[in-house]
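To start, the structure itself, in structure tokens.
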Amino acid sequence: MSSWPSSKANRVLAALYRIGWTLKRQSGSHKTLSRLGWPDVVFAFHDREEIGPRMLSRIAKRTGLKPEDL
């Protein structure tokens, strides 16, 4: 079983901002986030969209997000 709970996209985005990611640019619902020492990440979810455990795990590998950050 995954340690990642399903979560709303706006909650995940808020957690990314808290751990140091910043908005570099935005085109529609596609947000490009940047953080010093990490490659840029495109976050392409609508605010109220539910993100499942598998996708959260993939996001975590690219961003350094941990379950306790949510």
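The values are calculated or read from the model by the stated rules, or taken from the named source; none is laboratory data. Quick caveat, the model's predicted, so the values are computed rather than measured. Cβ coordinates were reconstructed from backbone atoms using ideal geometry, including for glycine residues, and neighbour counts include every protein chain displayed. For accessibility, only protein heavy atoms count, side chains too; no ligands or nucleic acids. Shrake-Rupley method; radii C 1.70, N 1.55, O 1.52, S 1.80 Å.
If the condition is being within 18 Å of PRO5 (Cβ to Cβ), open to solvent by 20 Å² or more (accessible area, probe 1.4 Å) and of a type outside the set (Phe, Trp, Tyr), then the range 43-58 contributes ASP47, ARG48, GLU49, GLU50, GLY52, PRO53, ARG54, MET55, SER57, ARG58. Name the single residue, out of those in the range 1-15 being of a type in the set (Gly, Ala, Ser) and either out of contact with any Asp or Glu (no Cβ under 8 Å at 6 or more places or on another chain) or part of a helix (DSSP H, G or I) (or both), that is modelled with the lowest pLDDT. Restricting to residues being of a type in the set (Gly, Ala, Ser) and either out of contact with any Asp or Glu (no Cβ under 8 Å at 6 or more places or on another chain) or part of a helix (DSSP H, G or I) (or both), the top hit is SER2.
Among residues of the range 12-42 being loosely packed, with under 14 Cβ neighbours inside 10 Å and touching a residue at least 24 places away in the same chain (Cβ under 8 Å), the one that is nearest to ARG58 (Cα to Cα) is TRP38.
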